[in-house]
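Worksheet: one structure, shown below.
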Amino acid sequence: MIDPAKNRPAPPAVMTIAGSDCSAGAGLQADLKTFQHFGLHGLTAVTCIVSETANIVRRVDPVDPAMVEDQIRLMLDAFPLIAVKTGMLGSAEHVRRVAAVFREHPHIALVVDPVMIASTGASLLEADAIAVYRNELLPLATVITPNLPEAETLLGAEIADATAMERAARKLSAEYGCAVLLKGGHLGGAECLDLLFDEEILHRYSSPRLDVAASHGTGCTLAAAVAAGLVLGKPLPEAVRIAKAYLNETLATSYSYQSPDGQQLHALNQGTKL
């Protein structure tokens, strides 16, 4: 009998440390679909279980921090990992545990999406965790991917326009010693501008704003795609370019469901071929 898997090369592995979104639009489910799109073997460490859709966050149950740490350590022991993406961590102790692990693995590229607020407006991070992000996790990152509200929280200052975005990206990079991908979608306007400040060079990524309702999971998807690009050996600016193009495609081909009570549930097309 022929073994179809014999001599088949294994795809590169990549891990996400994130919350579980039962509607599969964001969180680790979005990350896994993104990794699959790029031909990677996705691993997970689950930080919390979130009962949510694109329209509502109804309940958040954190996973015990010791269990989160054990998942991460087991995956690091079992798989050759080049890059890891972090998403929703939830509490100061979760952030502290993640930082403690990756302090021991400085060779791994760490893509940190500092998830604080859901697209619905619900808080996804305890207030005391922000200081732990600042002091322990962000300085370990290869690149951080805040949106404007998250960057404003980290800086304690408003970011009102593209000029302020550039200042903010430079300041965050200097403060945490890492590259910064600052997402400017919250600014509004006909164009969506994201800025990457990497190795003292500012890269601009601008694309027409798409008139679609789907936004749930865009931050997760973009950060996961950046991590995928790094695993595939792309320089960070190129990984971001590829990730942006992929995110735009997921938005352009997004779709929706109608719930029994008549609500529209919009979803990105992260991997389904339609």
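The values are calculated or read from the model by the stated rules, or taken from the named source; none is laboratory data. Remember, it's a predicted structure, so these values are computed and weren't measured experimentally. Heads up, the Cβs are rebuilt from the backbone with ideal geometry, glycines too, and the neighbour counts pull from every protein chain shown.
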Original post:
In region 135-164, what residues are in a loop (DSSP other than H, G, I, E, B) and among the charged types (D, E, K, R)?
Top reply: GLU158, ASP161
Original post:
(1) at pLDDT 95 or above; (2) aliphatic (A, V, I, L, M); (3) under 20 Å from PHE38 (Cα atoms); (4) loosely packed, with under 15 Cβ neighbours inside 10 Å: which one isn't true of ILE201, the others all being true?
Top reply: (3)
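Quick one: which of ALA224, ALA168, ALA243 is crowded, with 23+ Cβ neighbours inside 10 Å, of a type outside the set (D, E, K, R), in contact with a strand residue (DSSP E or B) (Cβ under 7 Å, 6 or more places away or on another chain) and closer than 23 Å to HIS41 by Cα? Give the steps one after another, and end with the answer.
On the way: ALA168 fails: closer than 23 Å to HIS41 by Cα; ALA243 fails: in contact with a strand residue (DSSP E or B) (Cβ under 7 Å, 6 or more places away or on another chain).
After applying the criteria, what remains is ALA224.
Do we find that ASP21 is among the acidic types (Asp, Glu), more than 16 Å from ALA225 (Cβ to Cβ) and modelled with pLDDT of 95 or more in this structure? Walk me through it before giving the result.
Values: among the acidic types (Asp, Glu): yes; more than 16 Å from ALA225 (Cβ to Cβ): yes; modelled with pLDDT of 95 or more: yes.
Yes.
Residue by residue, here is whether (1) crowded, with 19+ Cβ neighbours inside 10 Å; (2) at pLDDT 95 or above holds:
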| site | (1), (2) |
| --- | --- |
| HIS105 | no, yes |
| ALA109 | yes, yes |
| VAL132 | yes, yes |
| LEU140 | yes, yes |
| LEU148 | yes, no |
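Within 18 Å of the chain's Cα centre (by Cα) and not hydrophobic (A, V, I, L, M, F, W, C): does that describe THR153?
Working: within 18 Å of the chain's Cα centre (by Cα): yes; not hydrophobic (A, V, I, L, M, F, W, C): yes.
Considered against the rule, which asks whether it is within 18 Å of the chain's Cα centre (by Cα) and not hydrophobic (A, V, I, L, M, F, W, C), THR153 comes out as yes.
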Original post:
Which of (1) surrounded by fewer than 20 Cβ atoms within 10 Å (Cβ to Cβ); (2) closer than 14 Å to ALA26 by Cβ does TYR255 not meet, given it meets every other one?
Top reply: (2)
Subject >> Residue in region 111-130 that is nearest to THR221 (Cα to Cα), counting only those that are of a type in the set (D, E, K, R) and surrounded by fewer than 23 Cβ atoms within 10 Å (Cβ to Cβ) >> reply: GLU126
Original post:
Does region 238-254 include one or more residues that are in contact with a helix residue (DSSP H, G or I) (Cβ under 8 Å, 6 or more places away or on another chain), within 25 Å of THR53 (Cβ to Cβ) and without any contact (Cβ under 8 Å) to a residue 24 or more places away in the chain?
Top reply: yes
**OP:** Run GLY262 past the list (1) assigned to a strand (DSSP E or B); (2) over 22 Å from ALA30 (Cα atoms) and report the number of the one that doesn't hold.
**Re:** (1)
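Considering every residue within region 102-120, establish whether at least one is among the charged types (D, E, K, R), under 27 Å from ARG73 (Cα atoms), assigned to a helix (DSSP H, G or I) and touching a residue at least 24 places away in the same chain (Cβ under 8 Å).
The answer is yes; a qualifying residue exists.
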Original post:
Are there any pairs, at least 6 apart or on different chains, whose C-beta atoms fall under 6 Å, with the first in region 88-101 and farther than 12 Å from ALA18 by Cα and touching a residue at least 60 places away in the same chain (Cβ under 8 Å) and the second in a helix (DSSP H, G or I) and of a type in the set (Gly, Ala, Ser), and if so, which?
Top reply: none
**OP:** Could you grab me the full set of residues in region 222-259 that are over 12 Å from PHE38 (Cα atoms), part of a helix (DSSP H, G or I) and not aliphatic (A, V, I, L, M)?
**Re:** PRO237, GLU238, ARG241, LYS244, ASN248, GLU249, THR250
**OP:** Would you mind telling me which numbered condition in (1) within 13 Å of the chain's Cα centre (by Cα); (2) among the β-branched types (Val, Ile, Thr); (3) within 21 Å of SER123 (Cβ to Cβ) VAL226 fails?
**Re:** (3)
Subject >> Residues satisfying the stated conditions in region 173-195, i.e. surrounded by fewer than 23 Cβ atoms within 10 Å (Cβ to Cβ) and at pLDDT 95 or above >> reply: SER173, ALA174, GLU175, TYR176, GLY177, CYS178, LEU195
Original post:
All but one of (1) hydrophobic (A, V, I, L, M, F, W, C); (2) surrounded by fewer than 21 Cβ atoms within 10 Å (Cβ to Cβ); (3) over 22 Å from LEU110 (Cβ atoms) hold for LEU268; which doesn't?
Top reply: (2)
**OP:** Residue by residue through region 238-274, note down the ones that are of a type outside the set (D, E, K, R), in contact with a Ser or Thr (Cβ under 8 Å, 6 or more places away or on another chain) and farther than 26 Å from VAL57 by Cβ.
**Re:** LEU274
